[in-house]
Amino acid sequence: WDNADFSGGVGTTFYQEFSTLNTAKPPFVRDMEAKIRRYLRSSYSAAWTLKITWEKAPVHAAWTDTRKTITYQAVLTTDGFRSYILMLYQDGGMQWDYTRLTSTNVLIGYT
């Protein structure tokens, strides 16, 4: 996420926290639980979830081109024992022209 540049006034970042230990779960949290169960074949019930959204994020340096933006999310969730992160990208994947970045050794996701 270090190559996003919001200094030009394009794009925004926001977050939403879901504390669901003793409360009804909103559809978003239920959807994340279902994804974890499906992909990891594990029973999972979230106690806490954080959704961070980078909306219409321009590439660094934004002054070079603000036309190609990307929207993506990181969802952190835990049941108090196990923790997961889901990386979600807009349809069509990365829209940035990575050949114009300082480093072209680009990775979507994490290591």
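The values are calculated or read from the model by the stated rules, or taken from the named source; none is laboratory data. Values in this document were obtained by computation on a predicted structure and should not be read as measured data. Ideal geometry is used to build each Cβ from the backbone, glycine not excepted, and the neighbour counts take in all protein chains shown. For accessibility, only protein heavy atoms count, side chains too; no ligands or nucleic acids. Shrake-Rupley method; radii C 1.70, N 1.55, O 1.52, S 1.80 Å.
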Which far-off residues, 5 or more places away or on another chain, put their amide H under 5 Å from the one on Ala47, with H placed in the peptide plane?
Thr78, Asp79, Gly80
From the protein chains alone at 1.4 Å, what is the descending order of accessible area for Tyr89, Tyr84, Tyr15, largest first?
Tyr15, Tyr89, Tyr84
Read phi for every residue in region 46-57 and hand back ³J(HN,Hα) as whole Hz from Karplus 6.51 cos²θ - 1.76 cosθ + 1.60, θ = phi - 60°, with x for Gly and Pro.
5, 9, 8, 9, 10, 10, 10, 10, 9, 9, 6, 6
Proximal charge balance of Ser45 [Cβ under 13 Å; K/R count +1, D/E count -1]:
+2
Output the peptides 68-76, 33-41 sorted from most to least packed, where packing is the average of other Cβ atoms within 10 Å over each peptide's residues.
68-76, 33-41
